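Structure, as structure tokens:
The values are calculated or read from the model by the stated rules, or taken from the named source; none is laboratory data. Fair warning: this is a prediction, and the values are worked out from it, not measured in the lab. Note that we place each Cβ from the backbone using ideal geometry, even for glycine, and neighbour counts take in every protein chain shown.
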Amino acid sequence: MHLFNYKGSELYAEGVRVRLLAEKYGTPLYVYSAGTLLAHLNAYKEAFDGFPNIICYALKANSNIAVLRLLGRHGSGADIVSGGELFRALKAGIPAKKIVYAGVGKTEEEIRYALGSGILMFNVESGEELREIDRVAGAIGKKAPIALRVNPDIDPETHPYIATGLRKHKFGIPIDDALQFYRLAASLKNIKIMGVHKHIGSQITKVGPYVDALKKTLLLVDRLKESGINIRYLDMGGGLGIPYDTETPPNPKELAGRILPLLKGRTNLTLIAEPGRSIAGNAGILVSKALYLKKTAEKEFLIVDAGMNDLLRPSLYGAYHRIVPAVKGRRKKSVQDVVGPICESGDFLAQDRELQRVHAGEYIAVMSAGAYGFSMGSNYNSRPRPAEVLVRGDRHFLIRKREEYEDLIEGERFIP
């Protein structure tokens with residue numbers, strides 16, 4: 001669900017007209033719905049209610065500190081993949097004991113920071129990383145809580161760039177080798193084994209891959225118990241998809257309905273889920289102003305003021321985002337490419353899309369842009385990044401100011 005809907009001819013974000021927000025804050029502009037964020041978080045909490053669990057929101061989807069504080073105050077933990085994300089989560093008030101740290105390339109400085117902060121556990125991706133965490137923990141006199149991320153070799157049936165659970169991917173330890181790595185972890189004096197972690201990809205639209213991966217993981221948990229290694233936390237990862245176009249992914253309740261029966265009787269385990277896109281994706285839109293309509297013998301282009309530096313997914317993945325006018329009218333439709341001002345032929349938000357024509361100065365909304373939108377943005381072509389606004393009911397709050405030209409050179413220096 002989401003709370004971006006038309007009332008008459010006007011598109012609203014909850015109780016606020018999108019056109020009003022564009023006029024007040026300028027464009028390009030990210031707009032997030034607090035009600036949608038909380039509804040999605042609560043859907044997970046309710047789905048897994050009755051079994052010990054921690055919902056750890058994946059910061060990589062959208063890491064604005066106001067979004068994090070909103071989710072954290074309503075019980076969310078955090079799934080992080082960098083020291084910067086740990087900094088954001090802690091600044092937002094998310095308890096360290098509800099933070100799990102994944103990622104294949106943790107540095108010594110990041111490991112020290114996480115140990116000093118008292119996070120719940122590291123999700124360890126390799127034997128060398130395990131030894132490095134043991135070394136760093138010993139140097140500062142701490143025991144490092146860890147889970148091993150296992151790669152179950154399950155196809156999530158998603159875009160190859162966001163699939164992570166096959167043997168050929170860089171993520172995790174092959175599940176068939178996991179027992180020997182757990183034995184290594186048990187032999188290291190500065191390591192404390194806490195759990196097992198798996199994450200097979202993102203934008204998953206079927207429950208089957210989750211079930212298959214979890215069954216394999218639970219067999220490993222049983223083998224570990226037979227070897228005297230008891231697991232307290234079972235981290236099932238995230239990756240549940242959202243509807244961008246015609247997809248009909250399962251909701252958290254459907255996912256839990258297939259997952260929880262597999263955990264029956266395992267009262268010693270706490271389940272960790274790491275949703276990101278399924279909380280933030282449909283909770284945000286990117287608002288852009290139409291600049292020009294350009295026609296050639298081959299194409300019709302709607303040129304807008306948002307580009308691939310603002311929303312990379314269409315250029316990077318060929319991803320589909322629905323595009324609608326901020327104000328509907330009775331106008332002809334035409335097949336257009338919606339493109340931005342970036343000096344790249346790959347700079348587009350939509351291609352060969354039948355859309356209602358809009359005129360220069362009017363606004364469009366790129367839907368389902370709350371996840372991997374601003375967080376993947378850049379200053380390419382020396383373009384300041386957009387402002388971000390959070391709407392709650394009929395109120396709206398600037399949660400990140402628009403960058404200015406001076407911000408582009410902050411930290412840069414002339415040589416003598």
Can you tell which of K253, K294 is of a type in the set (K, R) and in contact with a Phe, Trp or Tyr (Cβ under 6 Å, 6 or more places away or on another chain)? K294
Any idea how many residues of the stretch 39-75 are part of a helix (DSSP H, G or I), without any contact (Cβ under 8 Å) to a residue 60 or more places away in the chain and not basic (K, R)? 4
Every residue in the stretch 282-314 that is crowded, with 23+ Cβ neighbours inside 10 Å and in a loop (DSSP other than H, G, I, E, B), please. A306, G307, M308, N309, D310, L311
Please go through the stretch 359-394 and pick out each residue that is out of contact with any helix residue (DSSP H, G or I) (no Cβ under 8 Å at 6 or more places or on another chain) and surrounded by fewer than 23 Cβ atoms within 10 Å (Cβ to Cβ). H359, A360, G361, E362, G377, S378, Y380, N381, R383, D394
Only one of R322, R353 that is within 15 Å of V287 (Cβ to Cβ), at pLDDT 95 or above and either in the same structural domain as I285 (by TED's automatic domain parsing) or of a type in the set (K, R) (or both): R322
Considering the stretch 240-281 alone, what residues qualify as being closer than 22 Å to N62 by Cβ and assigned to a helix (DSSP H, G or I)? P252, L255, R277, S278, I279, A280, G281
Scan the stretch 1-17 for residues that are part of a strand (DSSP E or B) and not acidic (D, E) and jot them down. F4, N5, Y6, K7, L11, Y12, A13, V16, R17
Within the stretch 174-197, does at least one residue satisfy the condition of being touching a strand residue (DSSP E or B) at 6+ places or on another chain (Cβ under 7 Å), at pLDDT below 95, more than 16 Å from E274 (Cα to Cα) and outside any helix (DSSP H, G or I)? yes
Does the stretch 249-269 contain any residue that is in the same structural domain as Y182 (by TED's automatic domain parsing), more than 20 Å from F374 (Cα to Cα) and touching a Gly at 6+ places or on another chain (Cβ under 7 Å)? yes
Quick check on this structure: which one of S315, S278, S288 is without any contact (Cβ under 8 Å) to a residue 40 or more places away in the chain and of a type in the set (S, T, Y)? S315
Contact list, first residue from the stretch 18-38 and in contact (Cβ under 8 Å) with a residue 24 or more places away in the chain and in a loop (DSSP other than H, G, I, E, B), second anywhere and surrounded by 24 or more Cβ atoms within 10 Å (Cβ to Cβ) and among the β-branched types (V, I, T), beta-carbon distance below 6 Å, six or more apart or interchain, is T27/V287
